[in-house]
Ligand SMILES: NC(=O)c1ccc[n+]([C@@H]2O[C@H](COP(=O)([O-])OP(=O)(O)OC[C@H]3O[C@@H](n4cnc5c(N)ncnc54)[C@H](O)[C@@H]3O)[C@@H](O)[C@H]2O)c1
Ligand SMILES: O=C(O)C(=O)C[C@@H](O)[C@H](O)[C@H](O)COP(=O)(O)O
Ligand SMILES: [Zn+2]
């Protein structure tokens, strides 16, 4: 057994993240004795969800969500509340969310908001969900003004990453999920970058040992960072707390908004990381080798590294509502070395535009 097969998150109530083929068999034991289960799932996983629900026994209310980002809306949230009210869900009941990051973000927010918070379990079915979204308790929805602007911090009671679910994941989604692990490589664990660079094709094989190690290392970084700053409240001066995990996300969320959420989150994060690498290079914080490595590792995976040149004014506008912004001061996470980051607060507008010009196509 890999020593990263079970990773602990030190939340107020600590919980475990299990990552292996067959991890879903732990679900029954995890929620043993619960009266009612709300089982939320992505449509593509309907058969798997029903089979799992049958194994649980007891009263299970099945809720099929719209696919992908269409699940992360206020309308869907209200529909879930209404269904849970009809089924009489109480504070001792549990919600289970099976799907990618969109499903677990919405499911987590239903759990956070129902009766002001009930327990929930995440069963991520994408690489991105396993490495990132299902762990750490950020839950929420998108609104017209931007990505994840409404939500809550609410930790799951357990996370089961069953690697066998990745067999049916479309290659483009698998690839986009690896980006969040690459992010963890730049901010904390460069071995992840080595693993991708040594054999990018193998890194994208759903059943390779390499991908399993990349996923587990990504989870380990996420678990370590959130355990130190659950509510993203401790960045001070040079000390970067949970905001570290937001590396590349300021521009990424702006791109997602402009694209009406049709770009995959991971693809946008890749471009966002190239952007902050250009910012750091311009400011003399990182050398050319490290800045260029962002492009080369993403390109080796066949991921985008640029965006439309004419989009800058709209992107700049959208970035103002980023959650790291304080007052009117825009803040970015930038590297000052491999595996080492700092907060860049209120950068010069010309530098921001120049960094964008360097990645624009
Ligand atoms: N809460 C967090 O900390 C956090 C972290 C990272 C990302 N996110 C959020 O996660 C979302 C992106 O997650 P995602 O990339 O998993 O996208 P997603 O949930 O939209 O899933 C991507 C696609 O894969 C399909 N799919 C999922 N599992 C499958 C499987 N096993 N087989 C076949 N198809 C499958 C889905 O139906 C969907 O079409 C974004 O909304 C992002 O903001 C949240
Ligand atoms: O867990 C975190 O913290 C992250 O920032 C992880 C990100 O990968 C993730 O996309 C998160 O949802 C972004 O958070 P947001 O607060 O910028 O919406
Ligand atoms: Zn992300």
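Taken over the stretch 138-194, the criterion of being under 28 Å from residue 75 (Cα atoms) and free of Cβ contacts under 8 Å to residues at least 24 places away in the same chain is satisfied by 144, 170.
Yes/no per residue for (1) loosely packed, with under 14 Cβ neighbours inside 10 Å; (2) assigned by TED's automatic domain parsing to the domain that holds residue 177; (3) within 20 Å of the chain's Cα centre (by Cα); (4) more than 16 Å from ligand 1 (Cβ to nearest atom):
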site	(1), (2), (3), (4)
281	no, yes, no, yes
290	no, yes, no, yes
293	no, yes, no, yes
296	yes, yes, no, yes
323	no, yes, yes, no
326	yes, yes, no, yes
336	no, yes, no, yes
341	no, yes, yes, yes
355	no, yes, no, yes
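The residue that is farthest from the chain's Cα centre (by Cα), among those in the stretch 252-263 that are within 10 Å of ligand 1 (Cβ to nearest atom) and crowded, with 24+ Cβ neighbours inside 10 Å, is 256. Among all residue pairs at least 6 apart or on different chains, which show Cβ distances below 8 Å where the first residue, located in the stretch 256-273, is under 13 Å from residue 102 (Cβ atoms) and in the same structural domain as residue 303 (by TED's automatic domain parsing) and the second is assigned to a loop (DSSP other than H, G, I, E, B) and more than 12 Å from ligand 1 (Cβ to nearest atom)? Listed pairs, sorted by first residue: 266/303. Helices (runs of 4 or more DSSP H) fully within the stretch 135-227 that include at least 3 residues being assigned by TED's automatic domain parsing to the domain that holds residue 291 and within 14 Å of ligand 2 (Cβ to nearest atom): 171-187.
Yes or no: the stretch 77-90 includes at least one residue that is in contact with a helix residue (DSSP H, G or I) (Cβ under 6 Å, 6 or more places away or on another chain), closer than 21 Å to residue 52 by Cβ and either more than 8 Å from ligand 1 (Cβ to nearest atom) or at pLDDT 95 or above (or both).
Yes, because at least one residue in the stretch 77-90 is in contact with a helix residue (DSSP H, G or I) (Cβ under 6 Å, 6 or more places away or on another chain), closer than 21 Å to residue 52 by Cβ and either more than 8 Å from ligand 1 (Cβ to nearest atom) or at pLDDT 95 or above (or both).
When residue 259 is tested against the conditions (1) within 16 Å of ligand 3 (Cβ to nearest atom); (2) on the phi < 0 side of the Ramachandran plot; (3) touching a helix residue (DSSP H, G or I) at 6+ places or on another chain (Cβ under 6 Å), the lone failure is (3). When the stretch 235-249 is filtered for residues that are within 16 Å of the chain's Cα centre (by Cα) and away from ligand 3 (no atom under 11 Å from the Cβ), the ones remaining, listed by number, are 242, 243, 244.
The values are calculated or read from the model by the stated rules, or taken from the named source; none is laboratory data. Not measured: the values here are computed from a predicted model. Here Cβ is always computed from backbone atoms with ideal geometry, including for glycine, and neighbour counts include all displayed protein chains.
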